[in-house]
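Please read the structure below before turning to the comments.
The values are calculated or read from the model by the stated rules, or taken from the named source; none is laboratory data. Everything numeric here is computed off the predicted structure, so don't read it as measured data. Positions of Cβ are generated from backbone atoms using ideal geometry, with glycine treated the same way; all protein chains shown enter the neighbour counts. Heads up: the accessible areas ignore ligands, DNA and RNA and are worked out on the full protein's heavy atoms, side chains in. Shrake-Rupley method; radii C 1.70, N 1.55, O 1.52, S 1.80 Å.
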Amino acid sequence: SRTRVTATLVYEGTTPSRQDIRKELSQKLKVGEELIVIKHIFTKFGFSKAKVIAHVYEDKNMVTRIEDEDLLNKHLSKDEQKKIKEAKQKAAQEAAAAAQQRKQQQ
């Protein structure tokens, strides 16, 4: 259900983000960005070159079923990551408040 892709990335300046690499791979492989998960980016100090290991999936369901949620969140923009983090914190606070209410009722 997935294909492992190993690529060499040559860049200038800072190492490109996962989003940028994902977009570039999407164009080269002619698949949707949502089907690509960047597993690793290996850089070498002093070189503008990196080894990228990615998985390309056949469908979106397999991506969410197989890949870890934290890794998938790394592929989101900073704003999206912040929103998810805030939502998780809010849910944790609500769960703690509900647990405390149940404890008080007993």
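The set of residues in the range 65-89 being under 10 Å from Val37 (Cβ atoms) and not basic (Lys, Arg) consists of Ile66, Glu67, Asp68, Leu71, Leu72, His75.
Within the range 53-71, does at least one residue satisfy the condition of being modelled with pLDDT of 90 or more, of a type in the set (A, V, I, L, M, F, W, C), open to solvent by 90 Å² or more (accessible area, probe 1.4 Å) and over 11 Å from the mean Cα position of the chain (by Cα)? Scanning the range 53-71 turns up no residue that is modelled with pLDDT of 90 or more, of a type in the set (A, V, I, L, M, F, W, C), open to solvent by 90 Å² or more (accessible area, probe 1.4 Å) and over 11 Å from the mean Cα position of the chain (by Cα). The residues of the range 15-35 that are outside any loop (DSSP other than H, G, I, E, B) and open to solvent by less than 40 Å² (accessible area, probe 1.4 Å), listed by number, are Ile21, Arg22, Leu25, Ser26, Leu35. Here Glu12 passes the criteria (1) out of contact with any strand residue (DSSP E or B) (no Cβ under 8 Å at 6 or more places or on another chain); (2) of a type outside the set (Ser, Thr, Tyr); (3) surrounded by 15 or more Cβ atoms within 10 Å (Cβ to Cβ) except the one numbered (3). Here Ile38 does not qualify as under 17 Å from His75 (Cα atoms) and in a helix (DSSP H, G or I).
Just one residue in the set Glu67, Glu80 is under 21 Å from Asp20 (Cα atoms) and touching a helix residue (DSSP H, G or I) at 6+ places or on another chain (Cβ under 9 Å); that residue is Glu80. In the set Val63, Val56, which member is among the hydrophobic types (A, V, I, L, M, F, W, C), in contact (Cβ under 8 Å) with a residue 24 or more places away in the chain and touching a Phe, Trp or Tyr at 6+ places or on another chain (Cβ under 7 Å)? None of the other options fit; the residue is Val63. Residues in the range 72-96 that are surrounded by 12 or more Cβ atoms within 10 Å (Cβ to Cβ) and aliphatic (A, V, I, L, M): 3 in all.
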